[in-house]
Amino acid sequence: MLTAAVAALVGLLIGTVGVGGVLMVAFLALFGGLSIHQAAATSLFTFLFTGMLGTWLYQRRGSIDWRIALPVCAGALIFGYLGATAAAQIDPRPLSIIIALIIVAAGIYVLVPLKISPQYRSGRGWREQALLASVGAASGFGSGFSGAGGPLFSVPLMVILRYVPLTAVATSQVLQIVAATSGSLGNLRHGFIDLRIAALVTVFELAGLIIGDVNLSPSWPSHAWLLVLALSSQVVGWLLISVSLPRLPAALTSVLLTIQPVGSVLLGVILLGEAPSALQLAGVVAIFAGIVVGTARLPARAAA
């Protein structure tokens with residue numbers, strides 16, 4: 001369960017700020033029973049799938065500027081493999097120290113307030129393209145070397161170089177696919193990837209990434225409706241229930257509370273014209289069946 005929770009947190013961070021993959025490496029090395037080489041390789045392999053989902057989510061919103069993303073990915077194409085190959089030649093202890101320093105650097109970056117630039121780079125021109133390719137090369141090498149994923153390196157670099165922060169995060173999603181694929185090819189040569197743990201981590205990373213894509217900030221009209229919902233169905237409703245409970249027989253109270261969800265379904269049909277789903281109808285049937293079974297046994301118990 002702890003592995004699942006950490007993986008979901010990592011997916012959430014990747015989807016929102018792009019930085020967070022290095023936490024998975026540290027967790028797998030400390031608590032997952034893997035060596036530092038296996039932890040980095042397994043973590044990097046999972047980012048192939050978070051990159052695919054992240055790319056689709058950001059592309060759906062039109063946030064990916066392919067004029068910027070393509071040269072970054074081109075630069076990472078070979079250097080991800082080179083980073084993984086270089087890491088395989090380093091002893092576990094020095095590699096652990098290097099990755100620990102990367103974690104510290106990532107933490108410092110998260111705490112530094114974002115500065116709004118008066119003018120952002122456009123990515124146009126061969127000089128811009130070359131700069132973006134160098135960002136991709138550095139990020140790809142760092143990703144393959146540490147297993148932390150390309151966003152850990154590309155997002156800070158692109159923000160420092162005055163690219164739009166949202167574009168930097170969106171580009172990092174595409175970069176994950178290239179860097180993870182390239183680096184994982186190098187790790188497969190050395191047999192470092194634990195596919196069983198990778199499968200578990202991937203599922204919850206994807207779940208966290210989806211949660212990170214959800215807009216949890218309602219608009220101002222929605223705030224009013226949420227307030228009405230809270231006061232009417234929750235505050236007033238449960239206040240009436242609390243006042244009524246002492247004045248009603250316990251048996252009647254239990255039945256009324258049990259059929260409360262049935263009343264919600266009926267009101268939805270009558271007032272809002274909703275069409276109950278098969279699962280809702282099955283729930284209604286199950287509630288009535290439970291009431292019938294429970295009340296049918298009362299005479300038998302009384303006779304006994």
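Condition check ((1) more than 24 Å from L206 (Cα to Cα); (2) over 20 Å from the mean Cα position of the chain (by Cα); (3) surrounded by fewer than 24 Cβ atoms within 10 Å (Cβ to Cβ)) across all residues:
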| site | (1), (2), (3) |
| --- | --- |
| A39 | no, no, no |
| T42 | no, no, no |
| F47 | no, no, no |
| L53 | no, no, yes |
| I64 | no, no, yes |
| P92 | yes, yes, yes |
| L101 | yes, yes, yes |
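Any residue that is crowded, with 24+ Cβ neighbours inside 10 Å and at pLDDT below 90 - is there at least one of those in the range 210-229?
No, there is no match, as no residue in the range 210-229 is crowded, with 24+ Cβ neighbours inside 10 Å and at pLDDT below 90.
Tell me, which residue of the range 230-250 that is among the small types (G, A, S) and surrounded by 11 or more Cβ atoms within 10 Å (Cβ to Cβ) is nearest to I291 (Cα to Cα)?
So the residue we want is S244.
Would you pick out the residues in the range 131-158 that are in contact with a Leu (Cβ under 7 Å, 6 or more places away or on another chain) and either polar (S, T, N, Q) or without any contact (Cβ under 8 Å) to a residue 24 or more places away in the chain (or both)?
S139, S143, S154, listed by residue number.
Quick check on my filter: what residues within the range 170-192 are surrounded by fewer than 24 Cβ atoms within 10 Å (Cβ to Cβ), hydrophobic (A, V, I, L, M, F, W, C) and more than 15 Å from M52 (Cβ to Cβ)?
Answer for the range 170-192, where residues must be surrounded by fewer than 24 Cβ atoms within 10 Å (Cβ to Cβ), hydrophobic (A, V, I, L, M, F, W, C) and more than 15 Å from M52 (Cβ to Cβ): L185, L188.
The values are calculated or read from the model by the stated rules, or taken from the named source; none is laboratory data. Here the structure is a predicted model, which means the values were calculated and not measured. Because the Cβ atoms are built from the backbone with ideal geometry, glycine has one as well, and the counts that use them run over all protein chains shown.
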